[in-house]
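Scroll down for the structure; my scribbles are underneath it.
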Amino acid sequence: MFDRVFRLGVNAGLTILAVIVVAAVIAVAQIKSIAQTSARGGPATTNLRVVPTMRSVTVSAAGVDFSRCHHGTPPRRSTTLALGFPYGHCYIGRQGKDYPIKITNGLEARILVGSSNAVPADGGKQWVPCMRGARHVVACAGPGKQPGQDQFVIENFSRYTQNKFGLSRTMLCDGEFGPSGDCIATTGQVEREGVVLIGPSKPDDNSTTWTVTITWMAAPLS
Amino acid sequence: MTCPAAAEGSVGVGIQENPVSLQKAAKAGQTYTLPAVHFANTGTQDESIRLRVERISDGKGRVVPATWIQFGSTQIQLSPHQETKVSIHLVVPDTARTGSYLSDIVAIGSAVVPSKAADFRPAAATKLEFRVVPGPSPGLFASVPRPLRVVILIVLLALLLYIGNRYFTRNFTVSVRRKKKPDGDVADNLDGTGGSRGANV
């Protein structure tokens, strides 16, 4: 009796094993067939384009220059292309006419703007950007909220409005980006801006070449 | 103010819109791998993007100390319209305060629009957010230096062995008696009792 049951069990096991082997052989053959079909039928992949998911800002400004400088008092009065003292003004663009800096937003974002120090070519004492409003990062120390010694004001403007308080080293809302003044930029929004720089009452450094960097940032909506 | 000669072209930086966040709560004293962050050069010039952690976004939460975040690379070179990902590790110190943290990962372009006037630079930011909960309990010997901890452990182990040997070791006495059965066979009767030291057979 036991011997019979044992033989039946062995037979059943062999049958199952055989079925598994046959199934595996069929599966491998199928996979090879699919692979060969793909190889014969051209590329099995295709490109899918999706909408952008990047928050970005792109800045361009061809041929801009501080081309209109004025103010200051003799003998250090501004010339057309050079800033004079005290409180010389130099412009990139012209309010109401020309806005040479193009700022392109990516996805909907808040656009922030800030300025670096003005760095002299000889590596000497830098000028610090100061602000004239009640909410300032660095207050302007000169009379009538003018920049003090080794301070400067840099203001941006657009066809909508002009920033009367000035930029700072801290990135702040760019109220000139768009008509609403809240610095919220829609997807793909493009705006153009200009800049005016107001120099210090007096510089410590005698360099004739200075560099200022203005940064535009696309930030989360909050 | 004078600068290099003017040139055509644009500079641009992009960063993923989705916040970089840790799904589970971070524990003080642990290190975590955050999802890699995605960047792009959206301008027409080669770009070298610098990464840093800074609080830009409004909202509740503690400011993330910059030292807690380690980027796989803090400066990335990208050709125009090229994209890449950078790994981020969050290292939460033992002394971290519990609660929600919020800051931003900021990508700043190093390329500038060259002009005779000022330099213009792009930047983009995305949120970085996570929550810190208390770490594992420090334990009794947390403040003891590690070498001293090992010595204490060895002494305790030796003490345990001594006590075990002194008070809990029992030796067994096995006595064998021989009984005579009525039919004359001899049967061994083994009888074991514990308690005394030494063995009598």
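The values are calculated or read from the model by the stated rules, or taken from the named source; none is laboratory data. Please read all numbers here as calculations on a predicted model, not as lab measurements. Reconstructed Cβ throughout: ideal geometry from the backbone, glycine too, with neighbour counts over all protein chains shown. Keep in mind that these areas ignore ligands, DNA and RNA; they rest on the heavy atoms of the full protein, side chains included. Shrake-Rupley method; radii C 1.70, N 1.55, O 1.52, S 1.80 Å.
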Check your understanding: Just wondering, is there one or more residues in region A:192-202 that are free of Cβ contacts under 8 Å to residues at least 60 places away in the same chain, away from chain B (no Cβ under 12 Å), open to solvent by 10 Å² or more (accessible area, probe 1.4 Å) and not in a strand (DSSP E or B)?
Key -> no
Review point. Do any strands (runs of 3 or more DSSP E) lying entirely in region A:86-134 carry at least 1 residues that are open to solvent by 40 Å² or more (accessible area, probe 1.4 Å), and which ones are they?
Key: A:89-92, A:101-105
**Study point:** Complete set of residues in region A:69-85 that are within 20 Å of A:Trp127 (Cβ to Cβ) and either open to solvent by 60 Å² or more (accessible area, probe 1.4 Å) or among the charged types (D, E, K, R) (or both)
**Key:** A:His70, A:His71, A:Thr73, A:Arg76, A:Arg77, A:Thr79, A:Leu81
Exercise for review: Could you run through region B:84-115 and say how many residues are surrounded by fewer than 19 Cβ atoms within 10 Å (Cβ to Cβ), modelled with pLDDT of 95 or more and of a type in the set (D, E, K, R)?
Suggested key: 2
Point to revise | strands (runs of 3 or more DSSP E) contained in region B:3-101 and holding at least 1 residues without any contact (Cβ under 8 Å) to a residue 60 or more places away in the chain and within 14 Å of chain A (Cβ to nearest Cβ) | key: B:31-41, B:47-54, B:75-78, B:83-91
Check your understanding: Quick one: which of A:Gln189, A:Gln162 is under 26 Å from B:Ser103 (Cα atoms) and open to solvent by 20 Å² or more (accessible area, probe 1.4 Å)?
Key -> A:Gln189
Check your understanding: Within region A:94-102, can one find any residue that is more than 10 Å from chain B (Cβ to nearest Cβ) and free of Cβ contacts under 8 Å to residues at least 60 places away in the same chain?
Key -> yes
Check your understanding: Is it true that some residue in region A:144-157 is in a helix (DSSP H, G or I) and either modelled with pLDDT of 95 or more or open to solvent by 10 Å² or more (accessible area, probe 1.4 Å) (or both)?
Key -> yes
Practice item. Please specify each residue of region A:204-222 satisfying the condition of being open to solvent by less than 40 Å² (accessible area, probe 1.4 Å) and within 12 Å of chain B (Cβ to nearest Cβ). Key: A:Ser207, A:Trp210, A:Val212, A:Thr213, A:Ile214, A:Thr215, A:Trp216, A:Met217, A:Ala218, A:Ala219, A:Pro220
Point to revise | In region A:73-85, the residues that are outside any strand (DSSP E or B) and touching a residue at least 24 places away in the same chain (Cβ under 8 Å) | key: A:Leu83, A:Gly84, A:Phe85
**Study point:** Scope region B:40-60; condition open to solvent by 20 Å² or more (accessible area, probe 1.4 Å), within 20 Å of A:Pro220 (Cα to Cα) and of a type outside the set (A, V, I, L, M); matching residues
**Key:** B:Thr42, B:Arg50, B:Arg52, B:Glu54, B:Arg55, B:Asp58, B:Gly59, B:Lys60
